[in-house]
1. Looking for something under 21 Å from Ser160 (Cα atoms), more than 16 Å from the chain's Cα centre (by Cα) and modelled with pLDDT of 95 or more - is there at least one such residue anywhere in region 265-276?
2. Could you check, for region 220-237, whether at least one of its residues is in contact with a strand residue (DSSP E or B) (Cβ under 7 Å, 6 or more places away or on another chain), β-branched (Val, Ile, Thr) and at pLDDT 50 or above?
3. Against the definition (modelled with pLDDT of 95 or more and either in the same structural domain as Leu242 (by TED's automatic domain parsing) or surrounded by 18 or more Cβ atoms within 10 Å (Cβ to Cβ) (or both)), how does Glu96 come out, yes or no?
4. Among the residues of region 276-286, which ones are surrounded by 13 or more Cβ atoms within 10 Å (Cβ to Cβ) and either outside the structural domain of Tyr93 (by TED's automatic domain parsing) or part of a helix (DSSP H, G or I) (or both)?
5. Residue under question is Thr289, and the condition is that it be surrounded by fewer than 19 Cβ atoms within 10 Å (Cβ to Cβ) and in contact with a Pro (Cβ under 8 Å, 6 or more places away or on another chain); does it hold?
Amino acid sequence: MGRIRNQVLCVLVLAAMFVLGRGVWPGKDILWAQDGTTVQTTEAVEVPREDATAQATETAETADLRAETAEVSDGGAEESVDASENLPASFVYTGEDPYMPAVCRWMEEELGKNYTSGEIFVPAPVVYFEDDTSPEDIRIWGNFWVFRYSLQDTVLFCESGGAQPGILHLRAIDDAAAVEDAAAVDAVVVVEDAAAVNATAEDVTAAAEDITAVDAGTNTGESYEVIGFEAAEEGTDFEESLRKLFEKAPKEAGDLYETYCQADSVGRNENVRKKFLMMYVAESPQKITAYQDFGWDPVPLDVAAEETSSSPAEEESTTSDPN
């Protein structure tokens, strides 16, 4: 009986030591905390009850902090979307190439519809050669990149984009000048009629602004339109079909397929992209400091510095020099 009593007493002592002391089962890989929380570990580790409790409390506080951080992050993303909505969604070309207004509009309407993620559209037409010997069929060989962005703080973040190499066909619009002249004549008549009937000052001012707008050339400025596009075939025939398209260029254009292949390695694609982004930034009512692709660092957009360097027209050269 004495031996049994001693054994029972030993068991009770061990149990009391566990409850009041260490909080670990020898040989187990689960730590114990006072509130019942369990934390997995790779080996048996003895943790005093106070430390285990503090660890469990810290874990709970960390979870709360993460939840609060997530709410703040969601709010920031929401503000970025609002900022994008305050910016012009469409791109307006302000360079010197007479064909680019029509090219950029076509890129947004036709190629841009394949990329819907991102509120802000900015094209990057990498032109290799332009043949305008026929005003009824002006041909432009190039790789036509489209990008869509969202504004996150002051950075344009690329949401989607892609490229389509091929030949773009344009033609001159013969009645462009006639339309401007007709608008100017109509505006003059409106002013004269308004004055004759003692119209309000607002009517006369509005009519006068119409004349000023026509005289200053503030219409769309597009005297060309896109009439077709020859694209390379998809899949295994892509390379062969692209070679054939580039071989249609005049001899003075050089090896346009080689130009296409080297455009990325020599930085031409990115240079054109950056210059067209600079046009967008220059017209933006909000501050934009850089653009960024997923997984890459932001690329600065310094309008003041860019104005002292080469103009965008240099990247739209009609030669095959991929500089």
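1. Yes, because at least one residue in region 265-276 is under 21 Å from Ser160 (Cα atoms), more than 16 Å from the chain's Cα centre (by Cα) and modelled with pLDDT of 95 or more.
2. yes
3. Numbers: modelled with pLDDT of 95 or more: no; either in the same structural domain as Leu242 (by TED's automatic domain parsing) or surrounded by 18 or more Cβ atoms within 10 Å (Cβ to Cβ) (or both): yes.
The answer is no for Glu96.
4. Going residue by residue through region 276-286, those that are surrounded by 13 or more Cβ atoms within 10 Å (Cβ to Cβ) are 276-282, 284.
Once the filter is applied, which keeps residues that are surrounded by 13 or more Cβ atoms within 10 Å (Cβ to Cβ) and either outside the structural domain of Tyr93 (by TED's automatic domain parsing) or part of a helix (DSSP H, G or I) (or both), region 276-286 yields Phe276, Leu277, Met278, Met279, Tyr280, Val281, Ala282.
5. In short, yes.
Residues checked against (1) out of contact with any Lys or Arg (no Cβ under 7 Å at 6 or more places or on another chain); (2) exposed (fewer than 13 other Cβ atoms within 10 Å of the Cβ); (3) among the acidic types (Asp, Glu):
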position: Glu240; (1), (2), (3): yes, yes, yes
position: Lys248; (1), (2), (3): yes, no, no
position: Ala253; (1), (2), (3): yes, no, no
position: Thr259; (1), (2), (3): yes, no, no
position: Ser265; (1), (2), (3): yes, yes, no
position: Lys274; (1), (2), (3): yes, no, no
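The values are calculated or read from the model by the stated rules, or taken from the named source; none is laboratory data. From a predicted model like this one, the values you see are computed outputs, not experimental measurements. With ideal geometry, Cβ positions are generated from the backbone for all residues, glycine too; neighbour counts draw on all protein chains shown.
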